[in-house]
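Enquirer: Below you'll find the structure I mean.
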Amino acid sequence: MEKASIHIKKAGYGDSGAILRDIDFRILEGQLIGLIGPNGAGKSTTIKSMLGLLKDVEGNIEFADGRASVAYVPEHPVLYEELTLWEHMELAAAAYGLERPVFEERAEALLAQFKLSADRHRLPVAFSKGMQQKVMLIIGFLNRPSLYIVDEPFIGLDPRATKDFLELLRKERERGAGILMSTHVLDTAERICDSFLLLSEGRIVAQGTLDEVRQESGLPDGTLFDCFHALV
């Protein structure tokens with residue numbers, strides 16, 4: 001089942017002109033797509049276009065279960081100085097419309113998984129970068145949407161937190177959620193993603209499975225890292 005259909009003829013930032021051209025892909029149920037590309041390739045513009053954060057977008061973006069069913073985990077944590085971790089979670093739950101018992105059950109499980117139970121009444125603005133990234137992941141996974149858009153999730157995460165995050169991804173895919181994940185951590189992406197979207201200068205230079213990306217790059221036995229450098 002298709003979770004999202006993205007057809008962007010062009011997108012950009014006003015007078016700066018088009019950053020993206022002819023971006024066309026689908027996200028399927030249970031699929032994890034790695035959005036790969038160098039800095040300035042158009043990854044963030046693709047994500048902003050999907051989230052409706054750009055006004056200069058020509059194309060069509062559809063979500064099977066509506067935009068409200070999409071969770072976005074940003075690269076840079078967005079936190080309120082005066083709110084505790086628990087209050088951040090309560091605010092997100094209210095925005096999602098979660099019933100209190102459902103919220104509390106999910107919140108407790110996520111806090112325990114990311115080892116933040118004892119920090120629930122602390123202010124996340126005082127957390128380390130890695131802990132703040134965990135907060136963003138917890139908030140993103142709280143609603144259990146049908147589609148996740150995750151931007152550079154591994155920045156600041158220690159090996160244990162990375163393992164916990166990957167386990168959550170696995171469970172959500174088994175539940176049927178689709179995932180688009182932008183990352184520069186190519187060795188991990190190669191291991192966990194079942195499809196890839198490689199961007200360069202605002203255009204798709206390869207997409208599909210690792211074997212299909214290898215074919216596009218002319219490296220039949222190449223790693224994702226090798227293919228990335230061959231294509232961009």
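Enquirer: In the stretch 46-60, what count of residues is obtained for those that are closer than 23 Å to Met1 by Cα and buried (at least 17 other Cβ atoms within 10 Å of the Cβ)?
Expert: 4
Enquirer: Sticking with this structure for a sec: Counting only residues that are hydroxyl-bearing (Ser, Thr, Tyr) and out of contact with any helix residue (DSSP H, G or I) (no Cβ under 9 Å at 6 or more places or on another chain), which one in the stretch 13-45 is surrounded by the most Cβ atoms within 10 Å (Cβ to Cβ)? Don't jump to the end; show me each part of the working.
Expert: Keep residues of the stretch 13-45 that are hydroxyl-bearing (Ser, Thr, Tyr), which gives 13, 16, 44-45.
Next, only the ones that are out of contact with any helix residue (DSSP H, G or I) (no Cβ under 9 Å at 6 or more places or on another chain) stay: 16, 44-45.
Numbers: Ser16: 8, Ser44: 19, Thr45: 24.
Restricting to residues being hydroxyl-bearing (Ser, Thr, Tyr) and out of contact with any helix residue (DSSP H, G or I) (no Cβ under 9 Å at 6 or more places or on another chain), the top hit is Thr45.
Enquirer: Hey, another quick one. Select from the stretch 179-205 the residues that are among the acidic types (Asp, Glu) and surrounded by 17 or more Cβ atoms within 10 Å (Cβ to Cβ) and list them in ascending order. Quick ask: steps written out before the conclusion?
Expert: Here is the first cut: in the stretch 179-205, the residues among the acidic types (Asp, Glu) are 187, 190, 194, 201.
Result: Glu190, single match.
Enquirer: Among the residues of the stretch 133-145, is there at least one that is surrounded by fewer than 20 Cβ atoms within 10 Å (Cβ to Cβ) and farther than 30 Å from Ala92 by Cα?
Expert: The initial filter retains those residues of the stretch 133-145 that are surrounded by fewer than 20 Cβ atoms within 10 Å (Cβ to Cβ), namely 144.
Next cut, farther than 30 Å from Ala92 by Cα only: none.
Checked the stretch 133-145: no residue is surrounded by fewer than 20 Cβ atoms within 10 Å (Cβ to Cβ) and farther than 30 Å from Ala92 by Cα.
Enquirer: Evaluate the following for Glu108: is it at pLDDT 95 or above and either loosely packed, with under 15 Cβ neighbours inside 10 Å or basic (Lys, Arg) (or both)? It would help to see each step written out before you state the result.
Expert: Working: at pLDDT 95 or above: yes; either loosely packed, with under 15 Cβ neighbours inside 10 Å or basic (Lys, Arg) (or both): yes.
In short, yes.
Enquirer: Within the set of pairs 6+ apart or on separate chains, which have a first residue in the stretch 62-80 that is free of Cβ contacts under 8 Å to residues at least 60 places away in the same chain, a second that is in a loop (DSSP other than H, G, I, E, B), and C-beta atoms under 6 Å apart?
Expert: none
Enquirer: Another one. Checking the conditions here, which among Leu83, Leu110 is farther than 22 Å from Lys43 by Cα, in contact with a Leu (Cβ under 8 Å, 6 or more places away or on another chain) and outside any helix (DSSP H, G or I)? Steps first, answer last, please.
Expert: Details: Leu110 fails: outside any helix (DSSP H, G or I).
Answer to the check: Leu83.
Enquirer: Related question: Can you name the number of the only condition in (1) in the same structural domain as Phe154 (by TED's automatic domain parsing); (2) assigned to a helix (DSSP H, G or I) that Glu90 fails?
Expert: (1)
The values are calculated or read from the model by the stated rules, or taken from the named source; none is laboratory data. Predicted, not measured: the structure shown is a model, and the values here were computed from it. Cβ: placed from backbone, ideal geometry, glycine included. Neighbour counts: every protein chain shown.
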